[in-house]
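Some notes on the structure that comes next.
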Amino acid sequence: MKRRYLLALPLLWLLAAPRARAQEYVRPAADLDRLVQELFAEIQSDQVPYEDLYETLLQYYQTPLNLNTASREELRGLLLLSEAQISNLLDHRQQRGSLISLYELQSVAGFDLRTIYRVAPFVAVQTNASGSRGSLWQRIAREENNALFVRYERVVQQRQGYTPTDSTRSGGLSSRYLGSPDKLMVRYRVSHARDFSLGLTAEKDAGEQFAWNPAQRRYGADFYSAHFLLQERGRLKTLALGDYQLQFGQGLLLSSGLQVGKGAETITTIRRSSLGVRAYSSLLESTFFRGAAATVALAPTIRATAFVSRKRADANVQSATDSLAQFDEFSSGVLLTGFHRTASELANRQVLRETIGGGNVSYVSRSGHFSAGLTAVNTHFDKPLQRQPELYNRYEFRGRDNLGVGAHYSYVVRNLLLFGETARSTGGGLGTVNGVLASLATNVDASLLYRHYSPDFHTLYGNALSENTRNINESGLYAGLKVRPIARWELSAYYDQFWFPWLKYQVSAPSQGHDWLVRLAFTPSKTSLLYAQLRTRVKEYDASPADPGRLVPLPVPTTRQSLLLFYDTSPTLALSLRTRLQGTRYREDGGPLRTGYVLAQDASVALGRALKLSGRYALFDTDDYDTRQYVFEQDVLYAFSIPALSGQGTRLYAIAEVKCTRHLTLWLRYAETHYRHQQTIGSGLEEIQGPRRGEVKAQARYRF
């Protein structure tokens with residue numbers, strides 16, 4: 001025991017502040033980029049909601065989870081703790097009382113230094129309720145987590161969409177962006193964990209106008225979001241007004257926030273947490289509810305949530321040309337880009353009214369080992385949805401109304417966690433996801449999950465684990481493993497087999513595939529991380545028919561293999577270095593082998609307390625867009641950048657962070673991509689004449 005506390009001294013020095021009260025300490029800064037890279041696998045998609053991911057991490061950082069009061073479900077929501085670690089922490093609290101300081105986690109079984117350093121930015125140890133004294137407005141006025149952000153972005157080079165209009169071949173005028181190339185964001189938020197949250201966000205994307213036209217629902221900036229959240233008011237556990245998110249069960253009907261899916265974290269990320277009602281302050285313009293939601297405690301073990309949402313969505317509304325058509329006026333689907341830059345995009349802006357209502361009733365046993373609940377969600381559109389009459393759209397949702405009803409459960413027994421959810425949507429489609437997490441030994445964890453989403457299962461706000469971007473037309477079996485054979489070493493792996501029983505876009509027959517990953521990580525010290533990762537994904541896509549007489553192309557296997565080598569180290573307290581080598585091999589069945597790679601070197605240096613400089617220089621070379629490389633980049637605080645690098649060239653960026661005063665901090669970022677052997681970049685309205693694309697970004701934060 002004496003040796004354990006000697007080992008804890010460096011952690012205590014980092015986390016504990018020399019104050020009179022032991023529960024007060026200085027939390028380390030959140031390294032969101034490194035954390036996301038640890039949770040995600042090699043990224044080769046632009047369909048993942050990174051904005052939502054970063055926003056959820058930001059919420060945890062701004063309102064840290066109190067380890068002395070957090071429930072099992074809230075601890076699961078961090079995605080950083082195994083079920084055994086959560087159980088050990090809850091047992092420690094029950095047997096020894098509240099934690100006094102964060103470094104006491106070293107005395108909890110299963111908590112090593114790497115785990116503690118990962119969770120430290122997002123948790124707190126508090127033994128009093130100082131944040132709940134005084135009236136609400138008094139607490140808001142004196143809250144330290146109270147800041148205003150202003151951000152500006154712009155592409156330096158002129159793009160085609162901002163040039164003067166010219167005549168087309170038909171004699172009309174060519175399309176152009178109506179607004180300036182400046183992107184602006186203003187965000188204010190004040191919040192306190194388990195108490196309140198108040199926020200307002202306004203954003204204008206590049207190409208959008210500042211316009212005041214109430215008749216067209218345009219009020220200056222293109223997008224506004226606001227929320228007010230109250231928590232823990234006796235039997236009223238949560239009240240949300242304005243914009244909010246919902247998370248229940250395994251996310252089959254309602255899912256939001258930190259949803260990582262398949263990645264290098266092969267155990268904790270495959271199950272979802274029932275976090276209930278959460279504030280929304282992201283910049284995504286389509287993944288939230290707008291209205292009111294409330295959660296009340298009907299009994300110590302039973303909670304009920306009711307919600308209603310009414311907002312407008314973007315859609316391309318069309319009129320039927322056939323007098324016998326089912327609908328005179330319909331939309332082919334909800335548009336999710338959030339862009340309103342051209343006349344056609346403005347014509348689609350907020351033309352579809354969406355009304356959603358529903359609720360959830362959940363039971364959690366006093367021990368927290370068993371929970372179960374029922375969820376109902378009804379969605380109504382004022383104009384019917386009807387997909388294009390393609391064969392692969394045969395089972396897609398059509399009409400005005402969709403009702404989803406489901407049941408979810410979670411049960412901890414010894415070293416096992418059993419969980420799942422099953423739901424049914426209008427039309428009879430079924431979806432189910434069921435899994436188990438097991439601690440086979442102190443250094444071995446395993447996971448197993450089965451999922452089935454029928455082709456006619458429609459969940460408009462669900463996001464359970466899947467290979468598809470939506471929970472529809474898929475069955476799959478996932479198996480994950482994590483082994484820590486010796487100190488500082490960790491081996492993680494998964495294998496996922498999936499089937500698609502009906503056709504998909506660019507897949508003209510039922511298809512299947514598999515996906516596997518292996519990562520070996522070594523932590524030489526508390527400030528260093530080295531890992532190697534190999535991933536292979538095989539999926540079927542349509543190939544060009546070899547026989548000219550064949551009208552329907554047949555799906556053929558397409559293989560993508562990826563290798564990732566990553567090293568992160570901090571030789572001194574002021575200097576941080578990161579090296580990343582990432583490569584891809586891509587081959588369609590019987591076709592030529594195509595490759596791509598990127599080599600990136602990052603460096604960050606702190607010059608005193610007032611100035612921090614960061615930068616990257618990267619080389620990339622890909623055969624085509626199919627072998628493009630996505631690489632995380634550091635950005636201004638709480639922003640993200642994951643560009644798609646395709647072709648041959650270099651990518652660099654530099655960031656300066658300046659702490660002007662105790663209240664004011666500034667960030668300035670410049671990034672540039674230089675393409676070799678190219679005289680133009682992009683296409684359409686985004687086309688740039690020349691081989692370079694540069695972006696400048698500036699942000700200011702004022703803490704009240």
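The values are calculated or read from the model by the stated rules, or taken from the named source; none is laboratory data. Since the model is a prediction, treat every value here as computed from it, not as a measurement. In this analysis, Cβ positions are derived from the backbone assuming ideal geometry, glycine residues included, and neighbour counts consider all displayed protein chains.
Overview of values
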item	result
Residue satisfying all of: in segment 523-573; among the aliphatic types (A, V, I, L, M) and in a loop (DSSP other than H, G, I, E, B); modelled with the highest pLDDT among these	Leu573
Qualifying positions in segment 83-127 - in contact with a helix residue (DSSP H, G or I) (Cβ under 6 Å, 6 or more places away or on another chain) and part of a loop (DSSP other than H, G, I, E, B)	Val108, Ala109, Gly110, Phe111, Val125
Test: residue in segment 194-217 that is surrounded by fewer than 20 Cβ atoms within 10 Å (Cβ to Cβ), polar (S, T, N, Q) and part of a loop (DSSP other than H, G, I, E, B)	yes
Residues of segment 483-497 classified as in a loop (DSSP other than H, G, I, E, B) and of a type in the set (A, V, I, L, M, F, W, C), total	2
Pairs with Cβ under 8 Å, 6+ apart, first in segment 140-153 and under 11 Å from Ala698 (Cβ atoms) and assigned to a strand (DSSP E or B), second at pLDDT below 90 and of a type outside the set (A, V, I, L, M)	none
Residues of segment 125-155 classified as modelled with pLDDT of 95 or more and in contact with an Asp or Glu (Cβ under 7 Å, 6 or more places away or on another chain), total	4
Flag if Ser454 is in contact with a helix residue (DSSP H, G or I) (Cβ under 8 Å, 6 or more places away or on another chain) and surrounded by 18 or more Cβ atoms within 10 Å (Cβ to Cβ)	no
Filtered residues of segment 632-674 (kept if surrounded by 18 or more Cβ atoms within 10 Å (Cβ to Cβ), touching a residue at least 60 places away in the same chain (Cβ under 8 Å) and either farther than 22 Å from Phe149 by Cα or more than 25 Å from the chain's Cα centre (by Cα) (or both))	Phe632
Residue match in segment 121-140 (condition: buried (at least 18 other Cβ atoms within 10 Å of the Cβ) and within 24 Å of Ser371 (Cβ to Cβ))	yes
Single residue of Leu481, Leu520, Leu491 found to be touching a Pro at 6+ places or on another chain (Cβ under 8 Å), at pLDDT 95 or above, aliphatic (A, V, I, L, M) and farther than 17 Å from His452 by Cβ	Leu491
Residue that is in a loop (DSSP other than H, G, I, E, B) and more than 16 Å from Arg398 (Cβ to Cβ), where the choices are Gln326, Gln350	Gln350
Residue list for segment 237-263, restricted to those being of a type in the set (A, V, I, L, M), assigned to a loop (DSSP other than H, G, I, E, B) and surrounded by 24 or more Cβ atoms within 10 Å (Cβ to Cβ)	Leu252, Leu253, Leu254
Residue list for segment 677-687, filter: within 30 Å of the chain's Cα centre (by Cα) and assigned to a strand (DSSP E or B)	Ile681
Candidates Ser255, Ser274, Ser286, Ser309, filtered to the one that is small (Gly, Ala, Ser) and within 30 Å of Tyr177 (Cα to Cα)	Ser286
Test for Arg118: is it closer than 19 Å to Ile267 by Cβ and either at pLDDT below 90 or surrounded by fewer than 16 Cβ atoms within 10 Å (Cβ to Cβ) (or both)	yes
Segment 264-296, subset in a strand (DSSP E or B) and of a type in the set (D, E, K, R), residue modelled with the highest pLDDT	Arg290
Tally, over segment 620-631, of residues that are surrounded by fewer than 16 Cβ atoms within 10 Å (Cβ to Cβ) and touching a strand residue (DSSP E or B) at 6+ places or on another chain (Cβ under 7 Å)	1
Which numbered condition Asn68 misses (of (1) in a helix (DSSP H, G or I); (2) out of contact with any strand residue (DSSP E or B) (no Cβ under 6 Å at 6 or more places or on another chain); (3) surrounded by fewer than 20 Cβ atoms within 10 Å (Cβ to Cβ))	(1)
Residue that is modelled with the highest pLDDT, among those in segment 311-334 that are over 18 Å from Ser225 (Cβ atoms) and buried (at least 19 other Cβ atoms within 10 Å of the Cβ)	Ala315
Every residue from segment 498-513 that is surrounded by 16 or more Cβ atoms within 10 Å (Cβ to Cβ) and either within 24 Å of the chain's Cα centre (by Cα) or part of a loop (DSSP other than H, G, I, E, B) (or both)	Phe498, Trp502, Leu503, Ser508
